[in-house]
Amino acid sequence: MANRYVDERPIKSNLTARANKIKLNMVLSSTMIDLVPIALALFLGLALFFRLLHFFFAEKGPTPTDLPKGSMGWPFLGETLGFLKPHKSNSLGSFLQEHCSRYGSVFRSHLFGSPTIVSCDPELNTFILQNEQKLFQSSYPKPVRDILGKLSMMLVSGDLHKKLRSIAVSFINTTKSTPDYLLYVEKYSISAMESWKGRQQVSFLKEAKEFTLYLMLKTWLDIEPEDPPALKILEDFLTFMKGFVSLPLNVPGTPYAKAVKARARIASTLREILKEREKSKVGSSKSGVLDEILQKGNLSDEERVSVVMDLVLAGYETTSGLLSLVVYFLGQSPYVHQKLKEEHLALRRRKGEGEPLNWEDYKQMEFTSNVICESLRCGNLVKFLHRKALQDVKFKDYLIPAGWQVLPVFTASHLDPSIHENPSEFNPWRWTDPAMNRKVTPFGGGLRLCPGVELAKVETAFFLHHFVLNYR
């Protein structure tokens, strides 16, 4: 028994030592855990301190008297949140109204992470557009570049932009007045409205998006709405556009992250379609545009995919937005709706029973054209563009420093009372004045004028023909 007690003493001693060691380790671990937030706070504090130093002292630039008046806003964010605050599309919004009232039609700010000159001056806006690739170039924030893809026509510059745009313009110009294309437009318009019968309520924007996407898929890829890829592409485009206008947080589960993945899926689907079409050697009589794209020897595979995606995206998003704007303003203007209906009734009386619309019919839709143009002026599909100064630019009394972001805001001139009488009024008759075309820039201008302007107008006009004749 004695031996047993003697033998247990070292064991107890060892246990005590181990217990003390465990306690010490726990204390140390606890201390380290307590220090983690302190270290993190210290790190963030130092990061913020150096960022503030950079924010306030790194931008030396020209003297304040050379720059337009303005405010750089908060560190990091600048005034971006205020600039992006939602507002009605037929208004400037509180941010621009307040800044223009305080600083004038051209002012400086800090937007999208960059020092910025914001222009609500029509002359400066025209000057910027006319000097693309000379004094200014396209320069979009990284989240936009990531979601559109590096070869998007919105992003590329120089010879590459010229090459891709010339191909897109060629396809559009050879397509817009062809009987097959016009027949597709009318067929899909009628089909969309037929699907509304018996429904108590229609979500028009959703229907407009389906109409324009299916039309683009048929026009550029010869894909019918019932073909398996069509629904897949539609779903991905809806996800893509939802994320395109969301907060650019590339974190799993966010709309932006989903949009980036949707864009990759769309590109993959288009790539597969191009490969299959190339293998099948489909003749131009079935899919002329796609065959022409495949025959372009100066295009890489990625450039082909990018051209097709730009054509589909532009025709899908722009035209569906335009259709929705027109229908909205017609709903607010019964007299305009009646006059539009009278024009299309007269047009229908000149045609035979069931005779399809043609290019000459479109050219005779004068009041329809005025309604479309006025909807673009009031609705402002494209509110502003992203540009960057390539060198110090002097305009009037303003100096735009090299490397600064420049945002020409088209909404300002569209709603300027010194340019348009009663600018908030939806008045298609103002477009009987030929000078109106020089006062409104709904699709940009210069080297980057949207190449699909006429396509959007044709599709909208043909759709309206059947819409006003069948719906009140």
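The values are calculated or read from the model by the stated rules, or taken from the named source; none is laboratory data. Because the structure is predicted, anything quoted here is derived from the model rather than measured. Note: ideal-geometry Cβ built from the backbone for every residue, glycine included; neighbour counts use all protein chains shown.
Just to be sure before I move on: is V144 at pLDDT 90 or above, surrounded by 15 or more Cβ atoms within 10 Å (Cβ to Cβ) and under 22 Å from the mean Cα position of the chain (by Cα) in the structure I sent? Give the steps one after another, and end with the answer.
On the way: at pLDDT 90 or above: no; surrounded by 15 or more Cβ atoms within 10 Å (Cβ to Cβ): yes; under 22 Å from the mean Cα position of the chain (by Cα): yes.
It is false that V144 is at pLDDT 90 or above, surrounded by 15 or more Cβ atoms within 10 Å (Cβ to Cβ) and under 22 Å from the mean Cα position of the chain (by Cα).
If F76 passes every condition in (1) part of a loop (DSSP other than H, G, I, E, B); (2) aromatic (F, W, Y); (3) within 20 Å of T441 (Cβ to Cβ) but one, which one does it miss? With respect to (1) part of a loop (DSSP other than H, G, I, E, B); (2) aromatic (F, W, Y); (3) within 20 Å of T441 (Cβ to Cβ), F76 is out only on (3).
Listed residues K394, K439; which is modelled with pLDDT under 95 and not assigned by TED's automatic domain parsing to the domain that holds G452? Steps first, please.
Values: K439 fails: not assigned by TED's automatic domain parsing to the domain that holds G452.
That would be K394, the only listed residue that is modelled with pLDDT under 95 and not assigned by TED's automatic domain parsing to the domain that holds G452.
Say whether the condition of being more than 30 Å from F240 (Cα to Cα), surrounded by fewer than 19 Cβ atoms within 10 Å (Cβ to Cβ) and outside the structural domain of R448 (by TED's automatic domain parsing) is met by at least one residue in the range 380-391. Checking the range 380-391: at least one residue is more than 30 Å from F240 (Cα to Cα), surrounded by fewer than 19 Cβ atoms within 10 Å (Cβ to Cβ) and outside the structural domain of R448 (by TED's automatic domain parsing). Among the residues here, A314 qualifies as of a type in the set (A, V, I, L, M, F, W, C), in the same structural domain as T175 (by TED's automatic domain parsing) and out of contact with any Phe, Trp or Tyr (no Cβ under 7 Å at 6 or more places or on another chain).
For the range 157-170, does any single residue satisfy the condition of being β-branched (V, I, T), closer than 24 Å to F384 by Cβ, in the same structural domain as P225 (by TED's automatic domain parsing) and more than 18 Å from the chain's Cα centre (by Cα)? Walk me through how you get there before you give the answer.
If we filter the range 157-170 for residues that are β-branched (V, I, T), which is where we start, we get 167, 169.
Now drop any that are not closer than 24 Å to F384 by Cβ, which leaves 169.
Next cut, in the same structural domain as P225 (by TED's automatic domain parsing) only: 169.
So of that shortlist, the ones also more than 18 Å from the chain's Cα centre (by Cα) come out as 169.
Yes: the range 157-170 contains one or more residues that are β-branched (V, I, T), closer than 24 Å to F384 by Cβ, in the same structural domain as P225 (by TED's automatic domain parsing) and more than 18 Å from the chain's Cα centre (by Cα).
Restricting attention to the range 411-468, and to residues there that are within 25 Å of I167 (Cβ to Cβ) and small (G, A, S), which single residue is nearest to the chain's Cα centre (by Cα)? Spell out the reasoning first.
Pass one, the range 411-468, residues within 25 Å of I167 (Cβ to Cβ): 441-460.
With the extra rule that they be small (G, A, S), the set shrinks to 444-446, 452, 456.
Working: G444: 13, G445: 16, G446: 19, G452: 15, A456: 16 Å.
Residue satisfying both the conditions and the ranking: G444.
Residues satisfying the criterion are absent from the range 315-328 (criterion: touching a residue at least 24 places away in the same chain (Cβ under 8 Å), farther than 18 Å from K457 by Cβ and not in a loop (DSSP other than H, G, I, E, B)). Among the candidates F244, F240, the residue that is hydrophobic (A, V, I, L, M, F, W, C), buried (at least 19 other Cβ atoms within 10 Å of the Cβ), assigned by TED's automatic domain parsing to the domain that holds F462 and modelled with pLDDT under 90 is uniquely F244.
Scanning the range 286-300 for residues that are assigned to a helix (DSSP H, G or I) and modelled with pLDDT of 70 or more, we see that the one that is nearest to Y181 (Cα to Cα) is V289. If I filter the range 426-448 down to residues being touching a residue at least 12 places away in the same chain (Cβ under 8 Å) and outside any helix (DSSP H, G or I), which single residue comes out as nearest to T219 (Cα to Cα)? By that ranking, first place goes to F443.
Out of V458, V406, I need the residue that is assigned to a helix (DSSP H, G or I), on the phi < 0 side of the Ramachandran plot, in contact with a Phe, Trp or Tyr (Cβ under 8 Å, 6 or more places away or on another chain) and modelled with pLDDT of 95 or more. Which one? Testing whether each residue is assigned to a helix (DSSP H, G or I), on the phi < 0 side of the Ramachandran plot, in contact with a Phe, Trp or Tyr (Cβ under 8 Å, 6 or more places away or on another chain) and modelled with pLDDT of 95 or more leaves just V458. If the Cβ limit is 9 Å and pairs must be 6+ apart or interchain, which residue in the range 238-258 that is touching a residue at least 40 places away in the same chain (Cβ under 8 Å) pairs with which residue that is crowded, with 17+ Cβ neighbours inside 10 Å and of a type in the set (S, T, Y)? From residues that are touching a residue at least 40 places away in the same chain (Cβ under 8 Å), the pairs are M241/Y316; G243/Y256; F244/Y256; P248/Y256; N250/Y256.
From the residues in the range 222-260 that are outside any loop (DSSP other than H, G, I, E, B) and acidic (D, E), which one is nearest to the chain's Cα centre (by Cα)? Top of the filtered list is D236. If you check W359, W429, which single one turns out to be surrounded by fewer than 18 Cβ atoms within 10 Å (Cβ to Cβ), out of contact with any Asp or Glu (no Cβ under 9 Å at 6 or more places or on another chain), assigned by TED's automatic domain parsing to the domain that holds T460 and at pLDDT 95 or above? Of W359, W429, the one residue that is surrounded by fewer than 18 Cβ atoms within 10 Å (Cβ to Cβ), out of contact with any Asp or Glu (no Cβ under 9 Å at 6 or more places or on another chain), assigned by TED's automatic domain parsing to the domain that holds T460 and at pLDDT 95 or above is W359. Report yes if G444 is under 30 Å from W196 (Cα atoms), assigned by TED's automatic domain parsing to the domain that holds A168 and either of a type outside the set (A, V, I, L, M, F, W, C) or surrounded by fewer than 20 Cβ atoms within 10 Å (Cβ to Cβ) (or both), otherwise no. No; evaluated as a whole, the condition is false for this residue. Scanning the range 172-182 for any residue that is surrounded by 19 or more Cβ atoms within 10 Å (Cβ to Cβ), closer than 30 Å to R472 by Cβ and in the same structural domain as Y316 (by TED's automatic domain parsing) turns up at least one such residue. If you filter the range 112-127 down to residues that are assigned to a helix (DSSP H, G or I) and out of contact with any helix residue (DSSP H, G or I) (no Cβ under 8 Å at 6 or more places or on another chain), you find that the one that is surrounded by the most Cβ atoms within 10 Å (Cβ to Cβ) is L124.
Does the range 329-368 hold any residues that are in contact (Cβ under 8 Å) with a residue 12 or more places away in the chain and within 19 Å of S424 (Cα to Cα), and which are they? Talk me through it step by step, then tell me what you get.
First, pick out the residues of the range 329-368 that are in contact (Cβ under 8 Å) with a residue 12 or more places away in the chain: 329-330, 332-333, 336-337, 339-341, 343-345, 347-348, 356-359, 361-362, 364-368.
F329, L330, Q332, S333, V336, H337, listed by residue number.
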